[in-house]
Amino acid sequence: MKTGVVSMHEKIFRKETSDAKERGKIEIDEVSIVFGSGPTENIAVQETSINISPGEFVCILGPSGCGKSTLLNSVAGYVKPSSGRVLVDNEVITEPGPDRGMVFQQYSLFPWKTVHQNIAFGPKLAGYTPSQCDSIASTFLAMIGLSKIAKSFPGELSGGMQQRVGIARALANYPRVLLMDEPFGALDAQTRLMMQESLLNIWSEFGITVLFVTHDVDEAIFLADRILIMSSSPGSVIADLNVALERPRSPEMATSTEFVALKKECLSHIRAQSLKAFEEVGH
Amino acid sequence: MNGAVLEKIANNDAETVNDSAVGGLKSAGKNSPDSAVIQSVTNTDSENFSFKDFVLSSLKNEKLQTISVGIVSLSFGILIWHLATLYNFNYFINFENVPSPTTVGAAFLSHLGDAEFYKHILISMRRILFAYSIAVVLGVTIGVLVGRSRIARAAVLPYIEVIRPIPAVAWIPLAILMWPTEESSIVYITFLGALFPIILNTIHGVKETPEVLVRAAVSLGAKKMEVFWHVVLPAALPSIAAGLSIGMGISWFSLLAGEIISGQYGIGYFTWDAYSMINYPDIVVGMLIIGGLGTLSTYLIGLMMRPALRWKKFQR
């Protein structure tokens with residue numbers, strides 16, 4: 001079910017004629033990422049393979065320093081795998097690009113551009129005329145419900161508003177996938193809940209593939225279709241859990257038996273990891 | 001339906017923002033002794049006295065306060081100067097031959113009707129404008145080119161570090177030997193003074209560009225030049241602006257040295273000439289003119305940079 005806003009946007013922006021359902025397949029194929037060499041060598045990600053279907057919402061869950069952000073960065077194209085390869089829609093990723101929208105943990109709006117200019121930046125780079133850029137930016141501002149603050153600078157906005165603009169900015173390029181690196185980590189608990197709901201709404205409207213990195217178990221369960229749990233040193237996926245909770249999700253589900261059972265499972269995986277890490281340090 | 005939910009979330013957010021702003025005002029009213037004042041104002045003038053007006057008016061007052069304190073402080077300095085010369089203060093520092101504020105003032109007034117005096121000032125301003133403009137273009141260009149690359153920085157910084165401490169006066173002989181005309185050597189010396197702070201501040205600004213913003217731009221499809229125009233340059237702008245102000249100050253500072261070469265005109269020459277003629281009041285007049293023009297031009301630079309830095313005041 002698509003609202004007027006999005007279908008209008010698709011009309012102006014869609015470059016390919018391919019069906020939206022076929023967009024946004026991610027394949028992480030035997031990827032290892034190693035930093036440094038010799039005694040300082042650090043295996044951030046070890047021979048990891050993940051397949052994500054178009055439109056899927058996948059959370060990578062793990063303790064800090066487990067390489068989950070590094071893995072996401074390899075999909076974004078910031079980090080080159082030491083071996084293996086990453087494909088999005090069967091194209092090998094070699095560098096960052098507008099086909100993969102990125103939302104960061106730190107506030108990453110351009111502070112010298114207004115909210116409107118921030119969102120219009122991607123379309124502008126893509127070569128759209130100023131009036132097209134304007135209409136795209138306005139469309140997305142309306143979508144996130146922030147039309148009123150179009151002319152504000154990011155510094156004037158709350159953290160939650162800034163991240164909403166960040167999401168809109170990433171989506172304004174009509175990317176194949178949306179990559180999110182702990183985007184709500186810096187927000188207070190209340191705002192975070194609202195942002196999670198807001199994100200799910202945007203996701204269901206766009207049907208876009210989302211790869212979302214977090215260390216918050218509740219967040220992962222609330223958002224995801226699938227949770228991949230990563231272990232640290234070396235980083236690799238140790239569990240692939242299906243989240244069977246029905247959609248649309250509501251915060252009340254957090255007390256349901258399925259939710260609690262899933263949370264226990266996630267926590268036991270993470271606890272086993274932490275214990276292992278703890279003992280390794282102990283020896 | 002989804003749109004409606006989004007709308008609702010958006011509205012909720014707006015409400016919480018309003019709430020917190022009102023709450024802040026309320027609690028401020030409860031706790032601070034100013035609450036009585038705020039209330040009396042809202043009671044007597046119940047028309048449109050909003051929180052924003054209150055902030056604006058207190059800001060204006062703050063500005064007024066700053067200016068008046070500055071004036072009082074300056075007057076106090078002049079008073080000390082006056083007293084020191086009046087009583088021929090001579091204890092380690094000797095004021096016996098220092099002209100008093102009134103003699104300096106009289107000398108200044110006598111020059112006001114003198115066309116020659118304006119020519120000195122205008123010629124100096126022209127030299128500053130010329131030398132400074134070249135320094136800005138060259139300094140920002142070099143700083144930006146060098147700032148993004150560690151290797152380029154390593155190649156250029158030693159030159160800057162070695163040349164920078166050399167005072168403008170020390171350049172006089174070489175400048176005369178190197179440059180074809182007197183005018184060009186004066187401009188060269190003035191230019192050198194402005195150049196280094198501009199380069200160094202630009203390099204600093206460019207180097208400090210937040211990496212996450214570069215990453216964001218690249219993921220939005222920006223190529224190298226676009227990253228430069230839309231991210232690196234604006235991120236460096238506050239630091240560049242600081243360099244421009246410092247550079248302006250130093251170029252006036254260097255101008256005096258440069259104009260020692262000049263045999264005819266310039267406010268530096270005027271000051272130097274007064275020294276050789278043992279005309280003490282005119283020395284101080286020249287010094288104060290340089291100080292005043294330097295302050296004014298630095299202020300103008302700040303004013304010109306302000307629109308480009310408007311976003312800065314919202315940053316926390």
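The values are calculated or read from the model by the stated rules, or taken from the named source; none is laboratory data. Every value quoted in this text rests on a predicted model; they were computed, and no experiment measured them. Methodologically, a virtual Cβ is constructed for each residue, glycine included, from the backbone with ideal geometry; neighbour enumeration extends over all protein chains shown.
Residues of the range A:162-196 that are among the aliphatic types (A, V, I, L, M), part of a loop (DSSP other than H, G, I, E, B) and under 14 Å from A:GLN106 (Cβ atoms): A:ALA186, A:LEU187. The residue that is nearest to the chain's Cα centre (by Cα), among those in the range B:209-229 that are over 19 Å from A:PRO175 (Cβ atoms) and not charged (D, E, K, R), is B:THR209.
Within the option set B:SER245, B:SER297, B:SER251, being part of a helix (DSSP H, G or I), more than 14 Å from chain A (Cβ to nearest Cβ) and buried (at least 22 other Cβ atoms within 10 Å of the Cβ) holds for one residue only, B:SER251. Every listed requirement among (1) within 14 Å of chain B (Cβ to nearest Cβ); (2) hydroxyl-bearing (Ser, Thr, Tyr); (3) touching a Ser or Thr at 6+ places or on another chain (Cβ under 6 Å) is met by A:TYR78 save one, (3). Annotation note: of B:ILE172, B:ILE176, B:ILE199, B:ILE186, the sole residue that is of a type in the set (A, V, I, L, M), part of a helix (DSSP H, G or I) and within 30 Å of B:PRO234 (Cα to Cα) is B:ILE199.
Of the residues making up the range B:169-215, those that are under 30 Å from B:ARG148 (Cβ atoms) and either basic (Lys, Arg) or surrounded by fewer than 16 Cβ atoms within 10 Å (Cβ to Cβ) (or both) are B:LYS207, B:GLU208, B:PRO210, B:GLU211, B:VAL212, B:ARG215.
Residues in the range A:88-107 that are farther than 20 Å from A:CYS133 by Cα, part of a loop (DSSP other than H, G, I, E, B) and free of Cβ contacts under 8 Å to residues at least 60 places away in the same chain: A:ILE93, A:THR94, A:GLU95, A:PRO96. Within the range A:217-252, the residues that satisfy the criterion of being assigned to a loop (DSSP other than H, G, I, E, B) and either without any contact (Cβ under 8 Å) to a residue 60 or more places away in the chain or within 14 Å of chain B (Cβ to nearest Cβ) (or both) are A:VAL243, A:ALA244, A:LEU245, A:GLU246, A:ARG247, A:PRO248, A:ARG249, A:SER250.
So, of the residues in the range A:102-112 that are more than 7 Å from chain B (Cβ to nearest Cβ) and modelled with pLDDT of 95 or more, which turns out to be nearest to A:LEU146 (Cα to Cα)? Going through the qualifying residues, I end up with A:LEU109.
Consider the range A:51-75 and keep the residues that are among the hydroxyl-bearing types (Ser, Thr, Tyr) and outside any helix (DSSP H, G or I). The one that is farthest from the other protein chains (Cβ to nearest Cβ) is A:SER53. For the condition within 11 Å of chain B (Cβ to nearest Cβ) and farther than 23 Å from A:ALA76 by Cα, A:GLY166 does not qualify.
Considering every residue within the range B:208-230, establish whether at least one is away from chain A (no Cβ under 14 Å) and part of a helix (DSSP H, G or I). No, the range B:208-230 contains no residue that is away from chain A (no Cβ under 14 Å) and part of a helix (DSSP H, G or I). If the condition is being facing another protein chain (nearest Cβ under 9 Å) and touching a strand residue (DSSP E or B) at 6+ places or on another chain (Cβ under 8 Å), then the range A:176-202 contributes only A:LEU179.
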